[in-house]
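To keep things clear, I will list the structure first and then write my remarks on it.
Nothing in this text is a laboratory measurement; each read-out follows from the coordinates by a stated rule. All values derive from a computational prediction rather than experimental measurement.
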């Protein structure tokens, strides 16, 4: 599904290199957790995968289903099935959440050569997905993320993910700012999307999220490189002992 080879990336405005020779493979159907201390490059990796213009790839390659995505703009990546859930979802005043969902879903269908959804079919799909996330349908009439709590913003993103049905889901610290009830609901939404032809990359600081979204693989990122990989037991090791021992071992 995803293969990253010797990736180097920097902040476009300052030229500061954040990703420094990163190698990572995520298999079809795999849930891969990316963990690491602050400043290790976790969020930068998610931005580079999504194609944010304020980051430059200077070396290496990113292959998605065997094809390089480096020349694709963010819209093309999204249409191909790559989805990024942000740590801090953007507020869009004046655009109702339902209208945003309609435009996003039909833009994706157009890119695939499919007809736009009828209003009744759109409503049916949105109501079903929102129900699975215990979302109040009144939220869908409000401007996207404006005045939403942290939990509501994350539920709205998981709703988008459920409706767009991407093949590669990248969750950038989805647990940030969530209480335990919201965390369980969001995790349930993610778990419902697990399938043999969909891969999920979960970026997180804390092992607690991985109690609910159990990973197949855990990768530790430090100074822009993966310094250790393992199974879910690695997350428990990090929770108990911190990063210092693994960083020292990799030095």
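For the chain, with a Gaussian network of springs between Cα atoms less than 10 Å apart, report the residue from 36, 150, 94 with the top mean-square fluctuation. Highest fluctuation among the options: 94.
Using just its DSSP H runs of length 4 or more, each adding -39500 (n - 2.57), the chain gives a mean residue ellipticity at 222 nm of -11000 deg cm²/dmol after division by all residues.
Between 0 and 90 degrees, the angle of helix 119-132 with respect to the longest Cα principal axis of the chain falls at about 50 degrees.
In the chain, the longest principal axis of the Cα atoms and the axis of helix 150-164 are about 80 degrees apart. Over the range 167-251, what is the relative contact order in percent, taking alpha-carbon pairs closer than 8 angstrom and at least six residues apart? So the answer I get is 26 percent.
Against the longest alpha carbon principal axis of the chain, how many degrees, from 0 to 90 and to the nearest 10, is the axis of helix 180-192 turned? Roughly 90 degrees between the two axes.
From Cα pairs below 8 angstrom and at least 6 apart in sequence, can you work out the relative contact order of the range 2-250, rounded to a whole percent?
Taking the mean separation of contacting Cα pairs over the length of the range 2-250, I get 28 percent.
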